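**Student:** The structure follows.
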Amino acid sequence: MLILLPPSEGKTPAIRGSAVDWPSLSFPDLNSCRAKVLDALGAVSAHEDALALLGVGASLKDDVDRNTRLHAEPAAPAHQIYSGVLYDALGYKTLTPVQRRKADESVLVISALWGAIRFGDSVPAYRLSMGTALPDVGRLASFWKPHLSSALAPLTEGQLLVDCRSSTYAAAWAPPAAQTVTVNVFTEVQGVRKVVSHFAKHTRGELARHLLTRRGKAPATPSDLAKAAREVWQAELVDGSAKKPHALNIILPG
């Protein structure tokens with residue numbers, strides 16, 4: 001089983017430590033692509049209109065300034081750098097050592113800067129969205145798509161993929177549909193369902209935690225995943241097709 005997560009918008013910078021060690025990152029074949037994106041990001045972030053070019057507000061100026069020195073910024077494991085609603089709900093710090101090892105093996109973060117990394121990969125905090133277009137790179141989802149398809153194909157063989165990404169990050173890589181289950185979250189009041197956003201992030205983090213901490217074998221099929229989800233939530237499985245992944249719908253009380 002692989003759990004696909006988006007990065008968090010907010011990140012917690014490492015206070016001290018060494019800079020990113022490129023050869024140690026997972027999927028080293030992506031390093032040339034990572035370097036290209038990092039250089040383009042540094043150049044844009046040094047521009048006088050950097051905030052507008054990156055589509056962020058003045059409150060994030062420090063984050064954008066940090067983008068100009070990422071080669072030298074302290075790095076820390078991704079599970080420490082990524083913060084926010086989904087990652088708080090997953091609660092890596094409170095996992096047991098065995099559960100942490102499982103998370104390090106099972107969780108894959110699809111990143112606008114790094115392409116794909118695992119929880120144990122040490123990276124610096126940065127500010128960049130997959131929906132951004134960079135000079136000489138283009139829109140990042142389009143840039144990463146062929147590279148991720150090549151680098152991650154061997155990883156997906158025989159695996160169930162639990163896709164907790166947002167649509168912005170899902171656009172960067174489409175894993176095999178037959179093995180993939182996207183996770184949707186709704187509230188239901190008097191039979192009327194509504195898509196939720198904030199609670200969707202929280203619930204996806206809770207689902208990831210449940211899959212990492214529950215007893216027994218990891219789900220191997222979409223049906224197994226639905227059964228695991230029903231241990232905690234009201235959930236239904238919508239079958240996919242040759243081109244469309246399955247969907248796990250989690251329904252929260254309104």
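**Student:** Going through L113, L70 one at a time, which residue ends up being touching a residue at least 12 places away in the same chain (Cβ under 8 Å), within 26 Å of H198 (Cβ to Cβ) and not in a helix (DSSP H, G or I)?
**Tutor:** L113
**Student:** When the stretch 162-186 is examined, which residues are found to be within 18 Å of M130 (Cβ to Cβ) and of a type outside the set (V, I, T)?
**Tutor:** Scanning the stretch 162-186 gives D163, C164, R165, S166, S167, Y169, A170, A171, A172, W173, A174, P175.
**Student:** Something else now. The conditions are (1) modelled with pLDDT of 95 or more; (2) in contact with a helix residue (DSSP H, G or I) (Cβ under 8 Å, 6 or more places away or on another chain); (3) farther than 19 Å from L41 by Cβ, and H198 fails exactly one of them. Which is it?
**Tutor:** Evaluating H198 over (1) modelled with pLDDT of 95 or more; (2) in contact with a helix residue (DSSP H, G or I) (Cβ under 8 Å, 6 or more places away or on another chain); (3) farther than 19 Å from L41 by Cβ leaves (1) as the failure.
**Student:** Follow-up. Of all the residues that make up the stretch 84-107, how many are of a type in the set (S, T, Y) and open to solvent by 30 Å² or more (accessible area, probe 1.4 Å)?
**Tutor:** 2
**Student:** Is it the case that some residue within the stretch 28-46 is among the polar types (S, T, N, Q), more than 25 Å from Q179 (Cβ to Cβ) and in contact with a Ser or Thr (Cβ under 8 Å, 6 or more places away or on another chain)?
**Tutor:** Checking the stretch 28-46: at least one residue is among the polar types (S, T, N, Q), more than 25 Å from Q179 (Cβ to Cβ) and in contact with a Ser or Thr (Cβ under 8 Å, 6 or more places away or on another chain).
Yes/no per residue for (1) β-branched (V, I, T); (2) over 16 Å from the mean Cα position of the chain (by Cα); (3) over 22 Å from L30 (Cβ atoms):
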{"position": "P146", "(1), (2), (3)": "no, yes, no"}
{"position": "T182", "(1), (2), (3)": "yes, no, yes"}
{"position": "V189", "(1), (2), (3)": "yes, yes, yes"}
{"position": "H198", "(1), (2), (3)": "no, no, yes"}
{"position": "H202", "(1), (2), (3)": "no, no, yes"}
{"position": "R209", "(1), (2), (3)": "no, no, yes"}
{"position": "A228", "(1), (2), (3)": "no, yes, yes"}
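**Student:** Would you check which residues across the stretch 82-92 are closer than 14 Å to D104 by Cα and not hydroxyl-bearing (S, T, Y) and list them?
**Tutor:** Answer for the stretch 82-92, where residues must be closer than 14 Å to D104 by Cα and not hydroxyl-bearing (S, T, Y): L90, G91.
**Student:** Now, a different point. Find the helices (runs of 4 or more DSSP H) located wholly in the stretch 144-248 whose residues include 1 or more that are crowded, with 18+ Cβ neighbours inside 10 Å and of a type in the set (V, I, T), and list them.
**Tutor:** Passing ranges, in order: 198-213.
**Student:** What number of residues within the stretch 1-15 are in contact with a strand residue (DSSP E or B) (Cβ under 9 Å, 6 or more places away or on another chain) and assigned to a loop (DSSP other than H, G, I, E, B)?
**Tutor:** Residues flagged as in contact with a strand residue (DSSP E or B) (Cβ under 9 Å, 6 or more places away or on another chain) and assigned to a loop (DSSP other than H, G, I, E, B) within the stretch 1-15 amount to 9.
**Student:** Still on this structure: Under 7 Å between Cβ atoms, which residue pairs at least 6 apart in sequence (or on different chains) link something in the stretch 23-34 that is in contact (Cβ under 8 Å) with a residue 40 or more places away in the chain and closer than 17 Å to P77 by Cβ with a partner that is in a helix (DSSP H, G or I) and aliphatic (A, V, I, L, M)?
**Tutor:** What qualifies is F27/A151.
**Student:** For D49, only one of the following conditions fails: (1) under 13 Å from the mean Cα position of the chain (by Cα); (2) modelled with pLDDT under 95. What is its number?
**Tutor:** (1)
**Student:** Among the residues in the stretch 38-61, are any open to solvent by 80 Å² or more (accessible area, probe 1.4 Å) and within 29 Å of L212 (Cβ to Cβ)?
**Tutor:** Checked the stretch 38-61: no residue is open to solvent by 80 Å² or more (accessible area, probe 1.4 Å) and within 29 Å of L212 (Cβ to Cβ).
The values are calculated or read from the model by the stated rules, or taken from the named source; none is laboratory data. The structure presented is a predicted model; accordingly, all values stated were derived computationally and were not measured. Virtual Cβ from ideal backbone geometry, glycine too; neighbours counted across all protein chains shown. The accessibility values were calculated without ligands, DNA or RNA, using every heavy atom of the protein model including side chains. Shrake-Rupley method; radii C 1.70, N 1.55, O 1.52, S 1.80 Å.
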